[in-house]
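Here, each number is a calculation from the coordinates, and none is a lab measurement. Treat the numbers as computed from the prediction; the structure is a model and nothing was measured. Cβ coordinates were reconstructed from backbone atoms using ideal geometry, including for glycine residues, and neighbour counts include every protein chain displayed.
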Ligand SMILES: [Zn+2]
């Protein structure tokens, strides 16, 4: 059965960006050889506000945790309507720079391993070439979907599960999961293992 992944925009994201990004991602997910059977759909008709408590003036970035709370709230509300029993996961896409207290570092995004929620930012991904801009976002969504399914960072060149420290690292990745990652998907444990906030801040 195809599972639905809800996309939640938060902040200031151009209306014209989401549709092509979702179309390209859905195409990549339905291509033969894709390890996942997902379809993306937006959960809100327009962008949600940035969570009020997320800005951290000490570091000048946005704490990623309130965005996870937003994902839980919006996904919960959408599931309560019971009009899509295949809706199981949600990914928040925002435009502000993120910081994670789980890793004590700036992050492009994070996901609950084998869980239901992921958050990422398109901050710094824009490019004069719209195709490059869109492809960066698509790769990040595919990466987050991999994490949500328990895949870890991969060292195989071109694999979409390669870790990106900088936005430009996205450009050397493809839309594909390598053979090793695909093989892992079939064997992954199904028990959720959620991220853990370690309560320290060293900046
Ligand atoms: Zn891989």
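Across region 1-135, the relative contact order, built from alpha-carbon pairs under 8 Å that are at least six residues apart, equals 28 percent.
Taking region 38-74 and a reference point 7 angstrom along Cα→Cβ of residue 86, the backbone N atoms nearer than 17 Å belong to 38-43.
Please arrange 108, 132 by how many other C-beta atoms lie within 10 Å of their C-beta, fewest to most.
Least crowded to most crowded, the residues run 132, 108.
Among 86, 159, sorting on how many other beta-carbon atoms sit within 10 Å of each Cβ, with the fewest leading, yields 86, 159. This ranking places 34, 103 by how few other beta-carbon atoms lie within 10 Å of each, fewest first, which gives 103, 34. Ordering of 161-172, 64-75 by packing is 64-75, 161-172, highest average first (other Cβ atoms within 10 Å, averaged per residue).
Where does the chain land at 222 nm, in deg cm²/dmol rounded to the nearest 500, when only DSSP H runs of n ≥ 4 count, each adding -39500 (n - 2.57), divided by all residues?
-9500 deg cm²/dmol
Volume of the convex hull of the chain (Cα atoms only), normalised per residue: 126 Å³.
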